[in-house]
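> Got a structure for you, written out below as C-alpha cells; questions coming shortly.
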Amino acid sequence: MVDTTIRTTRIFHALLQEHPCFEPLHAPEMNVQLFRATTGDARKAYAELTSKGKVWASLASWKGEAVYRAVVLSPETGTDELESLLAGLEKGL
C-alpha cells in the first residue's frame, strides 16, 4: 500500500512538472507533494474548492508563500483524481 501511494505521488509530481499553472516544490520521497500556483491567487482557488467540498489538498505556508500540500493516502487514488484536483484548482485561479 505504501509503495502504491508513493508511486502515485511521483506520478502527481510528473503531472505538476508538465502543468502550465503549477510547479512542484520538491521531488517526493514519500506520499506528500508540495506545489505552488505559478499564476493567480492560491488562497482564492483553495477557498473556492473547499466551499464546494471538492478538494483533498490543503493550503500551507512555505517560506512565507501560500502553497498546496497534497498527501496521497488511498491506494485507490489514480491519475483521474490527480488531474481533477489540478483542473479544479486551475479553474479557481
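The values are calculated or read from the model by the stated rules, or taken from the named source; none is laboratory data. Keep in mind the model is a prediction, meaning the values are calculated, not measured. Note that we place each Cβ from the backbone using ideal geometry, even for glycine, and neighbour counts take in every protein chain shown. For accessibility, only protein heavy atoms count, side chains too; no ligands or nucleic acids. Shrake-Rupley method; radii C 1.70, N 1.55, O 1.52, S 1.80 Å.
> In region 24-73, which residues are touching a strand residue (DSSP E or B) at 6+ places or on another chain (Cβ under 6 Å) and of a type in the set (D, E, K, R)?
Of everything in region 24-73, those that are touching a strand residue (DSSP E or B) at 6+ places or on another chain (Cβ under 6 Å) and of a type in the set (D, E, K, R) turn out to be ARG36, ARG43, ARG69.
> Restricting to region 20-41, what's the tally of residues that are open to solvent by less than 40 Å² (accessible area, probe 1.4 Å) and either more than 11 Å from the chain's Cα centre (by Cα) or without any contact (Cβ under 8 Å) to a residue 24 or more places away in the chain (or both)?
4
> For region 36-64, which positions are assigned to a loop (DSSP other than H, G, I, E, B) and in contact with an Asp or Glu (Cβ under 7 Å, 6 or more places away or on another chain)?
The one that is assigned to a loop (DSSP other than H, G, I, E, B) and in contact with an Asp or Glu (Cβ under 7 Å, 6 or more places away or on another chain): THR38.
> In region 57-77, which residue that is more than 16 Å from PHE22 (Cα to Cα) and in contact with a helix residue (DSSP H, G or I) (Cβ under 7 Å, 6 or more places away or on another chain) is surrounded by the most Cβ atoms within 10 Å (Cβ to Cβ)?
VAL72
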